Amino acid sequence: LFLSTTNSRPLTRLTRSAERIASGDRTRRLGTSRRDEIGQLSRAFEAMTRNLDARARSTRDLAANISHEFKSPLTSIRGAAELLLEGAAEDPAARTRFLENVLADAHRLDRLVSRLLELARMEAEPSPDEVVDYEALVREAAGEAGPHEVRVTYGSRVTQLRGRRENLASVLRNLVDNALQYADEGSPITVLVEDVPGGFVRTTIHNSGVP
């Protein structure tokens, strides 16, 4: 009776909660205050549930962002194709303009697909943590902007970080590329790296967006 009260029943409740979490219901919390191994196991389940919730939110946000990013070029391509079918193809200047727009949007979609493949590869084959020269990584990402002007201000005292270099480089490249894509023509992109409270480093990428 003593073992049933102190061990079996809490484990049964824990098993039922785990089954509900596995079925998709992550609203239930164990709420145990025990200090023994069963309490540790319950708190581990709580942490797992929070991580699952955070992962689910990230997945929803990613799906919404992907839908938004794909919708604009697809709408543009469809509009250009409809206008060409309606007679715009008879005007050489209009035909050239619409076809150039279609090619630009096709290149944009290709970049988006490449980013998704890169993300999938990083998720499937995570690289080990290493000491990264973050200042060099930031300037390298800014230097890949081609003819566009990217101004880098590295104001942090921290120049080396520990992390996954490939992941950090991918994030920086994508942010710079996104800033360039939606910037006013001829306007510079600024990259600021600074220290923030708590021992963290913040990287801000700013542009002057198209109205």
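Using r as the Cβ-Cβ distance of I21 and R164, and R0 as 30 Å, what FRET efficiency do you calculate, to the nearest 0.05?
Details: r = 29 Å, r/R0 = 0.96.
Computed FRET efficiency for I21 and R164: 0.55.
If I stretch the segment between D133 and R35 completely, what's the gain in nm (0.36 nm per residue apart, minus their alpha carbon distance), one decimal?
Length gained, D133 through R35: 31.0 nm.
Once you have the Kirkwood Rh of segment 68-196 from its Cα pairs, apply Stokes-Einstein at 25 °C and 0.890 mPa s and quote D in µm²/s.
Details: Rh = 17.3 Å.
The calculation lands on 142 µm²/s.
Any idea which of S58, V131, Q160 is furthest toward the positive side of the dipole for the chain, if Lys and Arg beta-carbons carry +1 and Asp and Glu beta-carbons -1?
Projecting each Cα onto the dipole axis, the largest value belongs to S58.
Estimate the FRET efficiency between D110 and R50 by the formula 1/(1 + (r/R0)^6), using the beta-carbon distance for r and 41 Å for R0, to the nearest 0.05.
The calculated FRET efficiency here is 0.65.
If I model a spin label at A120 and R9 as a point 7 Å from the Cα along the Cα→Cβ vector, what separation in nanometres do I get?
5.0 nm
Can you give the accessible area per residue of the chain, in Å², using a 1.4 Å probe?
Value returned for the chain: 68 Å² of accessible area per residue.
Measure out, as a whole number of angstrom, how far apart the alpha-carbon centroids of segment 43-72 and segment 149-176 sit.
Going from one Cα centre to the other spans 24 Å.
Which FRET efficiency value, to the nearest 0.05, is calculated for S58 and V152 with the Förster distance at 35 angstrom and r the Cβ-Cβ distance?
0.75
Might you report the magnitude of the Cβ-based charge dipole of the chain about its Cα centre, with Lys and Arg at +1 and Asp and Glu at -1, to the nearest 20 debye?
So the magnitude is around 1620 debye.
Once the Cα gyration tensor of segment 130-211 is diagonalised, what are the square roots of 5 times its eigenvalues, in whole Å and ordered largest first, as equivalent ellipsoid semi-axes?
23, 14, 10
Rounded to the nearest 10 Å², what accessible area does V191 show when all protein chains are kept and the probe is 1.4 Å?
Here the accessible area works out near 10 Å².
If you roll a 1.4 angstrom probe over the protein chains with everything in place, what fraction of the accessible area of the chain belongs to carbon and sulfur, to the nearest %?
55 percent
The values are calculated or read from the model by the stated rules, or taken from the named source; none is laboratory data. None of the values given here were measured: they were computed from a predicted structure. FYI the Cβ positions are ideal-geometry reconstructions off the backbone, even for glycines, and counts take in every protein chain you see. Accessible surface areas use protein heavy atoms only, side chains included; no ligands, DNA or RNA. Shrake-Rupley method; radii C 1.70, N 1.55, O 1.52, S 1.80 Å.
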